[in-house]
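Undergrad: Submitted below is the structure of interest, expressed as structure tokens.
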Amino acid sequence: MSKQNIYDNEVFFEEFQKIRDNKINFNDCMETPILLSMLPDPQGKEILDIGCGMGQHAKQYSDMGAASVLGIDISEKMLGYAREHNSAENITYQRMAMEDIDCIGRQFDLITSSLVFDYVEDLDALLKKIYLLLRENAHLVFSMSHPMATAWDGTYARYTRSESGERLYANISNYFVEGCRKIKWVLDGYELYHRTFSSLLRSIIKSGFLIEECQESQISDEMRMRYPAMFGGTIHRPDFVFFRCKKTV
Ligand SMILES: C[S@@+](CC[C@H](N)C(=O)[O-])C[C@H]1O[C@@H](n2cnc3c(N)ncnc32)[C@H](O)[C@@H]1O
């Protein structure tokens, strides 16, 4: 199974850091508010954050009263940033691929993951491992790229635009062709896995989870008007999908 670690590429990491350092970005303006709105109260909970990246979410959970947060990530550079900028006494950062979480050997009250499951080839296997790491009645809350956003292969423009540059349509292709897509995002050869919405639902249900909530990302009209270059396309299709899943037995 391939485990891409593009975030440790110097150029990719620097560009990603610039995106995150700019306060107007998809993570802070769109992903985080929706994910936090779906989160059970972190107070007193032992939390695992899969693909913690630069640690922003781990620090939020710690500040919200989590008993402990374990953030795991495959990228040493992302973890280095997290340790430097988003540390707290109750946060531990550990280098580990999400595919290997069965080695953790303890259970959690809440498992979260933000925009990381795009990179896993075998989502069924990952969700089964997550299920085993959760205590009874505990939750998995995660976001990932929306299937309508990943149904694009990079050989044509993401949007059809008017002469003045306004995004008229979102372009997609081969929605039903699942699997690895290599596109240009910061660098050529950026790999992610496209799966249909029904496939995604099947994987979650097959793992034994009860789906309690699902959201598709939207942003306010005000933000879209204010930052059209960044969010102008969000009217046409969702960028991210979010699930809150419960382990019922
Ligand atoms: C888009 S970033 C999201 C980071 C963080 N969750 C956030 O919301 O800011 C994706 C993260 O997933 C990590 N990642 C990619 N593949 C991984 C894997 N196989 N196992 C663990 N982490 C992985 C990357 O290193 C990166 O930190």
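Undergrad: How high is the relative contact order of segment 123-179, in percent, counting Cα pairs under 8 Å that sit 6 or more residues apart?
TA: Worked out over segment 123-179, it gives 26 percent.
Undergrad: In cubic angstrom, how much convex hull volume per residue do the alpha carbon atoms of the chain span?
TA: Output value, Cα hull per residue: 125 Å³.
Undergrad: Separate question: Using a/c under 1.5 as the rounded threshold, could you call segment 1-116 rounded, prolate or oblate? The axes a ≥ b ≥ c are square roots of the C-alpha gyration tensor eigenvalues, and prolate needs a/b larger than b/c, oblate otherwise.
TA: Oblate, because a/c is 1.5 or more while a/b does not exceed b/c.
Undergrad: State the percentage of accessible surface on segment 1-101 attributable to carbon and sulfur atoms; use a 1.4 Å probe and exclude ligands, DNA and RNA.
TA: Whole-percent figure for carbon plus sulfur exposure: 47.
Undergrad: Return the Cα extents of segment 77-138 along principal axes one, two and three, sorted largest first, each rounded to a whole Å.
TA: Taking the Cα atoms of segment 77-138, the three principal extents are 33, 26, 19 Å.
Undergrad: Assign one of three labels to segment 164-208, namely rounded, prolate or oblate, based on the Cα gyration tensor with a ≥ b ≥ c the square roots of its eigenvalues; rounded applies when a/c is under 1.5, prolate when it is not and a/b is larger than b/c, and oblate otherwise.
TA: Oblate is the answer for segment 164-208, as a/c is 1.5 or above yet b/c matches or exceeds a/b.
Undergrad: Another question, then. Decide, for segment 149-249, between rounded, prolate and oblate: order the square roots of the alpha carbon gyration tensor eigenvalues as a ≥ b ≥ c, take rounded if a/c falls under 1.5, and otherwise choose prolate if a/b is larger than b/c, else oblate.
TA: Oblate, because a/c is 1.5 or more while a/b does not exceed b/c.
Undergrad: Distance check, please: which entries in 18/128; 45/247; 23/77; 128/184; 18/184; 45/128 exceed 25 angstrom between their Cα atoms?
TA: 18/128; 128/184
Undergrad: May I ask for the distance between the Cα centers of segment 33-65 and segment 146-187, given as a whole number of Å?
TA: Comparing the Cα centres of segment 33-65 and segment 146-187, I get a distance of 31 Å.
Undergrad: How much accessible area per residue does the chain have, counting only protein heavy atoms and a probe of 1.4 Å, in square angstrom?
TA: Per residue, the chain has 47 Å² of solvent-accessible surface.
Undergrad: Sticking with this structure for a sec: Quick one: compute a quarter of the convex hull surface over the Cα atoms of segment 143-185 and quote it in nm².
TA: One quarter of the hull surface, i.e. the mean projection, equals 3.8 nm².
Undergrad: Hey, with R₀ at 41 Å, roughly what FRET efficiency would residue 10 and residue 36 work out to, going by the Cβ-Cβ distance, to 0.05?
TA: 0.85
The values are calculated or read from the model by the stated rules, or taken from the named source; none is laboratory data. Treat the numbers as computed from the prediction; the structure is a model and nothing was measured. Glycine gets a Cβ as well: all are built from the backbone with ideal geometry, and neighbour counts include every protein chain shown. With ligands, DNA and RNA removed, areas are computed over all heavy atoms of the protein, side chains included. Shrake-Rupley method; radii C 1.70, N 1.55, O 1.52, S 1.80 Å.
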